[in-house]
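Student: After the structure tokens below, expect a handful of questions from me.
FYI, it's all coordinate maths here, none of it is from the lab. This one's a predicted model, so the numbers in the text were calculated from it and none came from an experiment. Cβ: placed from backbone, ideal geometry, glycine included. Neighbour counts: every protein chain shown.
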Amino acid sequence: MGVKRSKKGVFRLFVDTASRVRIFLSKVRRNLSLYRVKTDTFDEVFVEITSHCNFHCAFCPSDSLQRKKGDLKDEYMMKILSELRDKGKVIAFHVLGEPLLNRNFFKYLSVCDEYHIEAHPTTNMSLITDAVLENILDHPSVTLIQLSFQTSSRESFALRGSAMAFEEYLALLERIVFNRKRIASNCKININVMNDYHCHHDTLWGIFDPERFRQFMGTVEAWKERLVAEGAPAQSPHQSHAGPFYYRTLDEIPEDFYNRADEIHYEITPNLAVFVKHVGKFGMSDAFVDYLNNRKGHPYKLRNIPRRFPFPIPCWAVKAPCVLSNGEITCCCVDIEGTLSLGNIARTTLEEAAKSKKRARVMKSPLLFETCRKCRGRLLFHPQPP
């Protein structure tokens, strides 16, 4: 005899199935569109203005970095900005490191204002005071700020290697969210949270716990009415989904999303969202895998098995070139060591790098390269004794 479902259960099943279908079709469309991407241009560039960071996150390859850490030379950054002047490009201040540690950060934002370059800084928030946030928002070039909140519980925040307490960190996030200048600003803010739950149906680092994440999202949901009361734009009740990964109420999010390798974009207000990112292969270099395996208390012995395909599979990540703090121009932000170098900004330009034959090969057939095969590879988890 079959299991009888309630009307609510049937509706929930229908919503989850529809969500899975939308996500699948979106992935198919995105992958097919990559075959039509132009390989001689770019719309966005990642720039690592410093590789230094004041956090030491267990899930970040920063502490296992093989190249020398430092700030991008000021003359190199000014060269990049001059090349992008009035071309409608975007600079993402992100790869490794905390950009606010670079003393020229606000100078670069001012130049972006003057040169009409969109700026998208990523920050771990720890150096943001009300004055710093309002200074950032005073720059019209800043249209998006990525907050690397990542850890939504006291237990997972312990992985950040920070002297701050989680309660202090959460209070800092709340101050940013309810800053009056931010509420009145058109600048969008993403609160990024990392999901490693789907890895081996267990946590790779112990970052994501579904129950504690729901508690955090309950706090976020309670912010909505307060934000609207303080002047933030309200959601339109008739606005449709922006896409299969976009949700505007907690009920819309599939109950088992944390077991999937999907990304979730949850809108709080039109210019504020929680963005749940799954752990991919960010920085899964041999050095980082060795670093994780040697870390005290790590529950797994990891192996990264490079992936091979009999036909070319393009990659979305290489659409945006990346300039590392040592000046090396590489094909994507995942290549933290610069193994796919297209030259150094000291001796070449972004345009020359973008039009290089090597970049075209990486974009069209990335699995010809060992770095890309490892990025697309499969992590094997072997439990090891504590």
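Student: Using the Karplus equation 6.51 cos²θ - 1.76 cosθ + 1.60 (θ = phi - 60°), what ³J(HN,Hα) coupling, rounded to whole Hz, does each residue of segment 124-130 give in order, writing x for Gly and Pro?
Tutor: So the Karplus estimates, Gly and Pro as x, are 7, 6, 4, 9, 8, 9, 4 Hz.
Student: Relative to the present Cα-Cα distance, how much length would full extension add between Lys355 and Lys68 at 0.36 nm per residue of separation?
Tutor: Contour length minus Cα-Cα distance gives 100.6 nm.
Student: Evaluate the distance, in nm, between pseudo-label points positioned 7 Å from the Cα of Leu101 and of Asp130 along their respective Cα→Cβ axes.
Tutor: Rounded to a tenth, the inter-label distance reads 2.8 nm.
Student: If the chain between Arg180 and Arg212 were fully stretched, how many nm would it gain, using 0.36 nm times the residue separation less the Cα-Cα distance?
Tutor: Result: 8.7 nm gained on full extension.
Student: Need one word for segment 48-156: rounded, prolate or oblate. Basis is the Cα gyration tensor (sqrt eigenvalues a ≥ b ≥ c); a/c below 1.5 gives rounded, then a/b vs b/c decides.
Tutor: Since a/c reaches 1.5 but b/c is at least a/b, the shape of segment 48-156 is classed as oblate.
Student: Now for a separate question. Arrange the peptides 155-162, 227-234 so that the one whose residues have, on average, the most other Cβ atoms within 10 Å appears first.
Tutor: Sorting 155-162, 227-234 by mean packing, highest first, produces 155-162, 227-234.
Student: Between Glu221 and Ala158, what FRET efficiency follows from the Cβ-Cβ distance if R0 is 41 Å, with the result rounded to 0.05?
Tutor: So the FRET efficiency works out to roughly 0.95.
Student: For a quick check: with amide H placed at 1.01 Å from N, whose amide H comes under 5 Å from Tyr247's, ignoring anything fewer than 5 positions away on the same chain?
Tutor: His265, Tyr266, Glu267
Student: List the pairs from Lys79/Lys357; Lys277/Lys357; Lys79/Lys355; Lys68/Lys358; Lys89/Lys224; Lys73/Lys355 whose alpha-carbon separation is above 29 Å, in the order I gave them.
Tutor: Checking Cα-Cα distances, Lys277/Lys357; Lys89/Lys224 exceed 29 Å.
Student: R0 = 35 Å: FRET efficiency of Ala346 with Glu263, Cβ-based, nearest 0.05?
Tutor: 0.45
Student: Taking the Cα-to-Cβ direction at Lys188 and at Phe14 and moving 7 Å from each Cα, how far apart do the two end points lie in nm?
Tutor: For the pair Lys188/Phe14, the computed spacing is 3.1 nm.
Student: Out of residues 5 or more away from Thr122 or on other chains, whose amide H comes under 5 Å of its own, with H placed 1.01 Å from N in the peptide plane?
Tutor: The answer is Phe93, Gln146.
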